[in-house]
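Participant: What follows is a structure written as structure tokens; I'll ask about it next.
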Amino acid sequence: MQRWANPTRFLKIAQAVRPWATAATIVCLAVGLVLGLGFSPPDYQQGDTVRIMYVHVPAAWMALFVYTSMAVASAVALIWRHPLADLAAKASAPIGAGFTVIALVTGSLWGQPTWGTWWVWDARLTSVLILLFLYLGYIALWEAIEDPQRAARATAILALVGFVNVPIIKFSVDWWNTLHQPASVLTTRGPTIHGSMLTPLLLMAVGFTLFYIAIVLTRIEREILARRIRALRLLASEEPAKVN
Amino acid sequence: MSGGLAVVGASRRVRAAHYATERPRRPVAALLARRGELAQYDGPRFGEAVFVTLQAIDLTCIRGERMIFSGLTFSVAPGRALLVRGPNGVGKTSLLRLLAGLNAPAVGQVRWAGGSLAGRVSYVGHLDAIKAALTLRENLAFWLAYRGHNRSLAAALDALGIAHLIDMPTRYLSAGQRRRAALAKLLLVDAPVWLLDEPVSSLDGRGIEVFMVALRRHLAEGGVAVLSTHQELAIDEAETLTLGRNP
Amino acid sequence: MMRSLWALLHHDLRISLRQGNASTSVVVFFVLAVTLFPLGVGPEPQVLARIASGVVWAAALLAAMISLDRLFQADFEDGVLEQLCLAPTPLPAAVLAKALAHWLLTGLPLTLIAPVLAMALQMEGAGVVPLILGLALGTPVLSLVGAIGAGLTIGIRRGSVLLSLLVLPLFLPILIFGVGAVEAAINGLSARPHLLILGAMLLAAIVLAPLATAAALRANTE
């Protein structure tokens, strides 16, 4: 029972936090989208195309943020063997992969009108693509190992190895990109961003973070409940043996 | 009885002869340890000045999501063995792997001289750890070198009755012969703690006899052994731990 | 401890040589993979010369990878891995010895044969020395980082596919700087910075990869 004491407390907290996180997510995303799509000014170079930024940039931030959280959770799981940390890392991975896909797809949609092509082997795009592979590898390893304890430890090690490698990969891809002379030049270093654009951008970023929190809490909760069911089933299947 | 083992290594030959005169003999240290004192004693084999007790404290084992056993506490004094018994699936292998340090206990600890057992264990599991592509000599010579020992193979192989197979690729060995080879490693490697999972499975009567000689000698020298078995093994120095389903 | 590691290295090499030479198939794979490119992109010397360094490096990456799945799998199956976990010699040191054995059987032959293939692809002469040096520094990193993936995927059915998914993204920096060294030399620049970075990666991998691999092996033998 002691093993479940912690998760039980977690479930209570999660159930209390989730409605608020969900409500705040909806408010932030709604206000952010209305401001971003309706009221923020168009870019003087890119026109209305720039509005895709309000989805693209927060998604890209979240892709990195979620991977970082996974690495932290994995370190906690490995060092202190905290059972919830394993679950948090596992629950985060598909969400992070989702953000990464959103960042890539919106980036591609943005690239078409701006650069005239759907895909450029630009340093940022390439490193985000590799980040997606890191996520997919992590998820695949979770699914490949049947024993949950083993899977938790192996994936935690993988997350940390990946985390150590992210800066190296980023650095090497940047180096590679300057070597290869990109076909088009990014316009990210434009004029410092104006307040009317910054407010919706930050609102969207906060909304994405709250969305992540709400979803990750739900996923952890479901995983705990699923494990309890499995444990109860196991217990039930052992009952007859005791009667013998 | 010690005849089969009297030839394991040059230095051991002397000791074996010594034991032959006054066997069966409990090490002084074991007796002192039981009185709660640890004696300074020149352990001939294990390079440890003090004979120590293997202690398992409040061990809990969880595999998958299943609690296998919990609150298991016992100690094995030097010169003593622990026979782990119980039906299949009750956690005998789990317990041995836990003692060896291959698995981490969910709760509890395994202690040896106040520290850990790491590096002091000879473990024989279900797998014989023998490379099919290599000969018996190459296999055992590797483990000798890997554990940093420098002694002749022939004696141990002779003791286990597999000396004639020494240059045969191990893929041609029978299950019983492979098991004997795995047990030969016990004799070659100096480890104070033997953890043996079904050591006599697939051994014939003669094989079991030879194994028992080796085990008694190990215990007589102040070693500790924990072994799981389904067979009846007559070991005077052994306590029995029966694992069962929780009442 | 050195004696133990020497014994392990010797043991691993002996097993590989006894079981039909592992490096032969790796080298054959390497040559075949490189051969695909002239057939695919056409025999024009200018085109081949342009892609030579990338082709040789990418093929070397794949060749080093295909042999990784056996690195610990056999030891896992016959119980040797358990015994390595229990021996007084630290497991990370054992991993280092096994990675070295893997490199001697794969990375080293690849490094030696690469210049021949580069010449066949019309690579400019200036790139040959950086290619060899780059492979000599880079392929040990492939063995070491690959060992982490191999350790994570032991005991998994169809683990080799998963292994490539885990390991290839981690190999990319090696590819980039390996090719970078060759391209720099061909373009009249110094290959030194690229090679120094590869050297730094090798040092970091020697220190960190065995620790991660040992942790993975312990997790998976549990």
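Rule-based calculations on the coordinates, nothing more; no lab input. These numbers come from a predicted model, not from an experiment. Cβ coordinates were reconstructed from backbone atoms using ideal geometry, including for glycine residues, and neighbour counts include every protein chain displayed.
Participant: Which one of C:167, C:203, C:128 is farthest out on the positive end of the charge dipole of region C:2-221, using unit charges on Cβ (Lys, Arg +1; Asp, Glu -1) and the Cα centre as origin?
Facilitator: Checking the options against the dipole of region C:2-221, the answer is C:203.
Participant: Distance between the C-alpha centers of region B:135-171 and region C:111-147? Whole Å please.
Facilitator: If you average the Cα positions of each part, the centres end up 41 Å apart.
Participant: Then there is this: Toward the positive end of the charge dipole of region B:90-155, about the Cα centre and with charges on Cβ (Lys, Arg +1; Asp, Glu -1), which of B:116, B:100, B:142 goes farthest?
Facilitator: Sorting the options by dipole projection puts first B:116.
Participant: Return one number: the angle in degrees, 0 to 90 and rounded to the nearest 10, between the long axis of the Cα atoms of helix A:123-144 and the longest principal axis of the Cα atoms of chain A.
Facilitator: 10
Participant: Per residue of C:152-158, how many C-beta atoms from partner chains lie within 10 Å of its own C-beta, taken as a mean?
Facilitator: 5
Participant: A follow-up question, please. Would you mind giving the mean number of other chain beta-carbons within 10 Å of the Cβ of each residue in C:164-171, as a whole number?
Facilitator: For peptide C:164-171, the averaged partner shielding equals 6.
Participant: OK, next. Could you give the longest part of chain C that holds none of the trypsin sites (Lys or Arg not before Pro) found in DSSP loops with at most 11 neighbouring Cβ atoms within 10 Å?
Facilitator: C:1-156
Participant: Please state the charge dipole magnitude for the protein assembly as shown, taken about the Cα centre, from unit charges on C-beta atoms (+1 on K and R, -1 on D and E), reported in debye and rounded to the nearest 20.
Facilitator: On the way: 59 positive and 42 negative charges, 319 e Å.
So the dipole magnitude of the protein assembly as shown works out to roughly 1540 debye.
Participant: Just how large is the dipole of region B:97-175 about the Cα centre, in debye to the nearest 20, putting +1 at every Lys and Arg Cβ and -1 at every Asp and Glu Cβ?
Facilitator: On the way: 8 positive and 4 negative charges, 57 e Å.
Here region B:97-175 has a charge dipole of around 280 debye.
Participant: Show that you can apply the helix-only estimate: for the protein assembly as shown, add -39,500 (n - 2.57) for every DSSP H stretch of four or more residues, divide by all residues, and state [θ] at 222 nm to the nearest 500.
Facilitator: Estimated from H runs of four or more residues: -22000 deg cm²/dmol.
Participant: Measuring from label point to label point, each 7 Å out along Cα→Cβ, what is the residue C:124 to residue C:39 span in nm?
Facilitator: 3.0
Participant: Now a separate question. Can you sort A:232, C:135 by how many other beta carbons sit within 10 Å, fewest first?
Facilitator: A:232, C:135
Participant: Can you pull the semi-axes for region C:2-221, root of five times each eigenvalue of the Cα gyration tensor, sorted largest first, whole Å?
Facilitator: Values for region C:2-221, descending: 32, 18, 15 Å.
Participant: Amide H neighbours of residue B:85 under 5 Å, counting only residues 5+ apart in sequence or on other chains, H built in-plane at 1.01 Å?
Facilitator: Those lying under 5 Å, H to H, from residue B:85 are B:241, B:242, B:243.
Participant: Another question, if that's okay. Amide H of residue B:68: which non-local residues (sequence gap of 5 or more, or other chain) have their own amide H closer than 5 Å, using H built in the peptide plane?
Facilitator: B:61, B:62, B:63
Participant: Under 8 Å for C-alpha pairs, at least 6 residues apart: give me the relative contact order for chain C, rounded to a whole percent.
Facilitator: Values: 274 pairs, mean separation 58.9, N = 222.
Reported relative contact order: 27 percent.
Participant: Would you mind giving the mean number of other chain beta-carbons within 10 Å of the Cβ of each residue in A:144-151, as a whole number?
Facilitator: Numbers: counts 10, 8, 4, 6, 2, 9, 6, 3.
Partner-chain Cβ atoms within 10 Å, mean over residues of A:144-151: 6.
Participant: So, one more: Please find, in a Gaussian network model of chain C (springs between Cα atoms separated by less than 10 Å), the residue of C:147, C:87, C:184 whose mean-square fluctuation is greatest.
Facilitator: Answer for the Gaussian network model of chain C: C:87.
Participant: Note down the nm distance, to one decimal, between modelled labels 7 Å out along Cα→Cβ at residue C:46 and at residue A:48.
Facilitator: Those two pseudo-labels are separated by 4.5 nm.
Participant: Starting from the Kirkwood Rh over alpha-carbon pairs, what translational D in µm² s⁻¹ does region B:62-160 have by Stokes-Einstein at 10 °C and 1.306 mPa s?
Facilitator: Diffusion coefficient, whole number: 97 µm²/s.
Participant: Still on this structure, I have one more. Among B:211, A:133, B:74, A:99, which comes first, then next, by fewest other beta-carbon atoms within 10 Å?
Facilitator: With the fewest neighbours first, B:211, A:133, B:74, A:99 line up as B:74, A:133, B:211, A:99.
Participant: Calculate one ³J(HN,Hα) per residue across region A:8-16 by plugging θ = phi - 60° into the Karplus curve 6.51 cos²θ - 1.76 cosθ + 1.60, and present them in order as whole Hz with x for glycine and proline.
Facilitator: 5, 4, 4, 4, 4, 4, 4, 5, 6
Participant: Along the charge dipole of the protein assembly as shown, pointing to its positive end and built from +1/-1 on Cβ of Lys, Arg, Asp and Glu, which listed residue (B:55, C:194, A:123) has its Cα farthest out?
Facilitator: About the Cα centre, the residue reaching furthest to the positive side is B:55.
Participant: Here's another thing I want to ask about it. Based on the mean of other Cβ atoms within 10 Å per residue, sort peptides C:115-125, B:200-210 so the most packed one is first.
Facilitator: Values: C:115-125: 17.6, B:200-210: 15.9.
So the peptides C:115-125, B:200-210, ranked by packing, come out C:115-125, B:200-210.
Participant: Using unit Cβ charges (K, R positive; D, E negative) and no other charged atoms, how large, in debye to the nearest 20, is the dipole of region C:2-221 about its Cα centre?
Facilitator: Working: 10 positive and 9 negative charges, 45 e Å.
Roughly 220 debye for region C:2-221.
Participant: In whole angstrom, how far apart do the alpha carbon centroids of region A:94-119 and region B:75-113 sit?
Facilitator: Cα centres, region A:94-119 to region B:75-113: 55 Å.
Participant: In addition: Once fully extended, how much extra length lies between residue B:242 and residue B:66, figured as 0.36 nm per residue of separation less the alpha-carbon to alpha-carbon distance?
Facilitator: Net length gain for the segment: 61.4 nm.
Participant: Output the 0 to 90 degree angle, nearest 10, between the alpha-carbon long axis of helix C:107-120 and the longest principal axis computed from the alpha carbons of chain C.
Facilitator: 10
Participant: Here is a further query. Alpha carbons only, please: Rg and Dmax for the protein assembly as shown, in angstrom.
Facilitator: Gyration radius and largest Cα-Cα distance of the protein assembly as shown: 30.5, 102 Å.
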